[in-house]
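**Student:** I have a structure I would like to understand better, so I am pasting it below and will then ask my questions one at a time.
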Amino acid sequence: MPVASISSGGIIVNKSLLHGYNYHPKGLSEYDILMYILRTDYKDYKGGLSVKVVFASTPDQEQKIQELIRKFYSNVFPLYFTDDDIREFEQQKILHTSTRHFEYFGTLKEAYQVIAGLQTLMAILESRQMNDKYEMIFAKNVQILQEFGLSFPFAYSHFCGERMPRNNLFSVYAKAANEMLV
């Protein structure tokens, strides 16, 4: 019995090696088609074959996710936590990403979900007053991040206390108000 194969970018790939959103080790790049779902349920489809095409997240999206995480550590966490707390968050790998995480959000849709989740949380936490109407939105976006393997173990109540005043905010993590090149 011959093995079914699919050609992508001039590379013939054994169809049985493609599963989920994983990259193929023989060279399917992130711009190539990543996922092929070949349904065996022939009764619903004439011809018996349905193919789903999903495009990979781009390096720009992965960089955007990294940038948003850096902004969390430099703009958001210093508003609520001390340097020692933030250092502890780094050791606990809160909002830490690795190549494994980029496999979880390897498609355009999933990468945008993570980006939108991070941006929404930042917007809520950087607002001047914490409003209870944002609590459900906060929880939903934390859930999205956790579904993709990003650790964010905070509840809305962690951020409802007193914020550190901006004029007293001297933190290793906070972005400098101005920079002087010497």
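**Student:** Just want to confirm a number: the relative contact order over the stretch 59-168, from Cα pairs under 8 angstrom separated by 6+ residues, in percent.
**Tutor:** Over the stretch 59-168, the number comes to 36 percent.
**Student:** Just rank Met130, Met136, fewest to most, by other beta-carbon atoms within 10 angstrom.
**Tutor:** Met136, Met130
**Student:** Also, I was wondering about something else. Give the order of Leu68, Leu108 when sorted by the count of other beta carbons within 10 angstrom, beginning with the fewest.
**Tutor:** Leu108, Leu68
**Student:** Just to check I understand the Karplus step: with θ = phi - 60° and J = 6.51 cos²θ - 1.76 cosθ + 1.60, what whole-Hz values come out for the stretch 145-159, glycine and proline as x?
**Tutor:** 4, 5, 5, 9, x, 8, 7, 9, x, 9, 9, 4, 5, 4, 10
**Student:** Can you give me the distance in nm between label points at Gln92 and Cys160, each placed 7 Å from the Cα along the Cα-to-Cβ direction?
**Tutor:** 1.9
**Student:** Right, something else. Modelled label-to-label distance, Ala116 and Glu147, 7 Å Cα→beta-carbon offset: nm?
**Tutor:** Each label point lies 7 Å from its Cα, and together they span 1.0 nm.
**Student:** What does the extension gain come out to for Asp83 and Ile137, with contour length at 0.36 nm per residue minus their alpha carbon separation? Mind dumping the intermediate values first?
**Tutor:** Numbers: separation 54, 0.36 × 54 = 19.44 nm, distance 2.73 nm.
So the extension gain works out to 16.7 nm.
**Student:** Based on the alpha-carbon gyration tensor of the stretch 59-168, what equivalent-ellipsoid semi-axes (square roots of 5 times the eigenvalues) come out, in whole Å, largest first?
**Tutor:** 23, 16, 12
Read the figures in this text as sums done on the coordinates, not as results from a lab. Just so you know, these numbers come straight off a predicted model, no measurement behind them. As a convention, Cβ positions derive from the backbone with ideal geometry for all residues, glycine included, and neighbour counts pool all protein chains shown.
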